1. With the checklist (1) surrounded by fewer than 21 Cβ atoms within 10 Å (Cβ to Cβ); (2) within 16 Å of the chain's Cα centre (by Cα) in hand, flag the one item Gly178 doesn't pass.
2. Of all the helices (runs of 4 or more DSSP H) wholly in region 181-274, which have at least 2 residues that are under 19 Å from Gln113 (Cβ atoms), without any contact (Cβ under 8 Å) to a residue 60 or more places away in the chain and not hydroxyl-bearing (Ser, Thr, Tyr)?
3. In region 119-139, what residues are touching a residue at least 24 places away in the same chain (Cβ under 8 Å) and charged (D, E, K, R)?
4. Return yes when Ala214 is touching a Ser or Thr at 6+ places or on another chain (Cβ under 9 Å), hydrophobic (A, V, I, L, M, F, W, C) and crowded, with 21+ Cβ neighbours inside 10 Å and no when it is not.
5. For region 189-210: of the residues being under 15 Å from Gln75 (Cα atoms) and in contact with a Gly (Cβ under 6 Å, 6 or more places away or on another chain), which is surrounded by the most Cβ atoms within 10 Å (Cβ to Cβ)?
6. Suppose we keep only residues that are aliphatic (A, V, I, L, M), out of contact with any helix residue (DSSP H, G or I) (no Cβ under 7 Å at 6 or more places or on another chain) and in contact (Cβ under 8 Å) with a residue 60 or more places away in the chain within region 85-103. Which one would you say is surrounded by the fewest Cβ atoms within 10 Å (Cβ to Cβ)?
7. Which condition number does Pro106 fail, the rest of (1) in contact (Cβ under 8 Å) with a residue 12 or more places away in the chain; (2) farther than 17 Å from Ile189 by Cα; (3) part of a loop (DSSP other than H, G, I, E, B) being met?
8. What do you reckon, is Thr47 at pLDDT below 95 and closer than 24 Å to Val201 by Cα?
Amino acid sequence: MTVDSILADSESTAYEIIVVDDGSSDGCCNFLLQGDRYRAVSLITTTGLGAAAARNLGAAAAQGIYLVFCDAHVQVPAGWLSKLLDTFKHAGVDAVSPAIGSLKNPAAVGYGQTWNERLKTVWLPRPPGATVKAVPLLPGGCLAVRAAAFHKVAGFDRGFISWGWEDVELSLKLWLFGFRLYVNPAVKILHFFRIRHPYRVTTYQVSYNLLRLAVSHFNHKRLVKVLSLVRSTTPSKEIFCHVLTAGGLKQRLDYLQHRIYDDDWFMERFHINF
């Protein structure tokens, strides 16, 4: 559905499509090997790297000056890519997402995301005047980023496992390293929001990624708060040790040395009370 949706648009902008099949078992990408219609689509197959690593692998194969990450279950309208990339003509735009509506209920639309007081990701309303607006978090379902900025921050966290928090970690990291993120409400794509994952995702894996994000970017006070959140559902001490032994502390020291802003600046910038 997603590939056909993109190919159906007579775009004037040159682009390449790279599909990363990260260890699927249902033959979902077999259609790419049939006939000439998909000859120009590059297919990369892996054995289950996880969302962050799979996206990084696709980005490493891309040749363009912009990277556009799309989930495997979106539909795009005519002219979407040109309109989305036109956002980069605005001064200071380093990454952008379109408005994202539900495929089952197109009237339900989110315009970028933020965090609530318990670090839950929530959708933002339509910006006043429907203008291009800075937002704290870009949803991984569809986001475009300058390739130079993406590679400057080393892409999605290379230590994340399975699924969870990869898009918000990238958003936070881009802001802290001095890049700026926006939503363009004039472009709207539709996303199929699943009720459950089609593959196994454990609470441990999601909590691990959250704690790795906190170790990498948060001050001591916020790190303690995240530990408290994790403790309510998973063995936080075990996960914390796992994060540290998997390079989390080294990454923290590197980020503290090279980032431009800290997490206090980010939270104050976007009025996030966490």
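1. (2)
2. 203-217, 263-269
3. Answer for region 119-139, where residues must be touching a residue at least 24 places away in the same chain (Cβ under 8 Å) and charged (D, E, K, R): Arg126, Lys133.
4. No, not satisfied.
5. So, considering only residues that are under 15 Å from Gln75 (Cα atoms) and in contact with a Gly (Cβ under 6 Å, 6 or more places away or on another chain), the one surrounded by the most Cβ atoms within 10 Å (Cβ to Cβ) is Leu190.
6. Leu103
7. All conditions pass for Pro106, except number (2).
8. Yes: the conditions hold for Thr47.
The values are calculated or read from the model by the stated rules, or taken from the named source; none is laboratory data. Being a predicted model, the structure only gives us computed values, none of them experimental. We place every Cβ from the backbone using ideal geometry, glycine too, and count neighbours over all the protein chains shown.
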